1. Give, in whole angstrom and from largest to smallest, the semi-axes √(5λ) of the equivalent ellipsoid of the range 107-244, with λ running over the eigenvalues of the Cα gyration tensor.
2. Kirkwood Rh over Cα pairs of the chain into Stokes-Einstein at 4 °C, 1.567 mPa s: D in µm²/s?
3. Which log10 I(q)/I(0) values does the range 172-285 give at q = 0.11, 0.14 Å⁻¹ under the Debye formula, counting every alpha carbon as one identical point scatterer?
4. Report relative contact order for the range 145-200 in percent, whole number only (criteria: Cα-Cα under 8 Å, sequence separation at least 6).
5. With label points built 7 Å along Cα→Cβ from the Cα atoms of Asp237 and Thr57, find their separation and express it in nm.
6. How do the peptides 79-86, 163-170 rank, highest first, by the average count of neighbouring beta carbon atoms within 10 Å per residue?
7. Normalise the Cα radius of gyration of the range 61-188 by 2.2 N^0.38 Å (N = residues in it) and let me know the number.
8. Testing the spin-label approximation: label points 7 Å from Cα along Cα→Cβ at Gln335 and Ala264. State their distance in nm.
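The values are calculated or read from the model by the stated rules, or taken from the named source; none is laboratory data. Since the structure is predicted, the reported quantities are computational estimates derived from the model, not experimental observations. Here the Cβ is made from the backbone with ideal geometry for all residues, glycine too, and neighbour counts use every protein chain on show. In case anyone asks, the SASA skips ligands and DNA or RNA and just uses the protein heavy atoms, side chains included. Shrake-Rupley method; radii C 1.70, N 1.55, O 1.52, S 1.80 Å.
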Amino acid sequence: MSTGAHAEESDHPKKARRPWHRTKVALGIIVAVVAVVAIVGSISPWPSAMIIRAVFTKGGDETAAEMDKHVPDTKLTEKLDVSYGDAGADTTMDVFAPASATGPLPTVVWIHGGAWISGAKENVDPYMRILAAEGYTTIAVNYTIGPEGVYPLAVHQLNDALAYIDEHAEELGVDPTQIVLAGDSAGGQLASQMATLITSPGYAEIMGITPTLEADQLIATVLNCGVYDLGALAQLDGLAGWGFKSAMWAYSGTKTWAEDSTGATMSTVDWVTKDFPTTYISGGNGDGLTWLQSIPMAQRLEELGVDVTTQFWPAPHEPALPHEYQFHLDMPDAQTALQKTIDFLNAHTTR
């Protein structure tokens, strides 16, 4: 009996070690997965881009829901998913106008943000409905985001979108002599890029793109929380630096975007001229891009003699206003920016 008992006792320590063995195996698997992700992430922008996209998509959906609460009851006509190209959903637009309209209206064409690798026209549709209720035709435009499409594909697509809007102006309720280009975040960069293409023949030649609108058709731009200097963006470090560099790698298709033509031609602060249209530009005081991008862009335009309307906030302003603050319409400061945008549009359009 005693011999058997001792034998059983001697087995127990071996069994007790098994949970720790399983833990070591699990830790080993985690380490291996992390190593694989790190290796893949060093040779491809896809893993980082998908992480960033997931975060931005959630934020975009929540912000659109917040804006929805502020859409007025004004009856609108809506044309959704209008195709302007041959890339499926990527080349579609949503068009809004007051139902009471009896003719073409000044038109705001809005390019959505999302770090060039996320977002969709639906994210800004509520804002387009709000502006349409003020007596405008408003159009939210899709384009192929990275890494599925690489620069300058989106620029070509947006040029095609403007061609479609011009060619189908009557059926869309668009006054083709009164086009306002607008955008937020990455869309602000793209809106500034399209406006520069249209107003600077030298830049259009460098890009190898023939603009589909004439300069006199473009009467204004609205730029919110945008990026206009890729060199400054490349100097960022920390989490923000990782995010922007990952996004740009995905959008450009190359890790050397900061040193090659991508970063150079996307940096519209270096290409704008005195012929750039009158501009409204804004950013929140709690958004680093305001100090790094929006304020320098506004200063550059003013140096050139461009008529600029700004909505910036003092550095100590409370609450600190985040990136894309203008869409957070539950905040009084976002309502201030909205009214200033409407006032800007009213001042530079005729109906």
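1. The answer is 25, 18, 13 Å, longest axis first.
2. In µm²/s, the coefficient is 60.
3. Each listed q corresponds, in turn, to -0.38, -0.60.
4. Over the range 145-200, the number comes to 25 percent.
5. It works out to 3.3 nm between the two label points.
6. Details: 79-86: 14.6, 163-170: 16.8.
For the peptides 79-86, 163-170, the packing ranking is 163-170, 79-86.
7. 1.00
8. Here the modelled spin labels are 4.9 nm apart.
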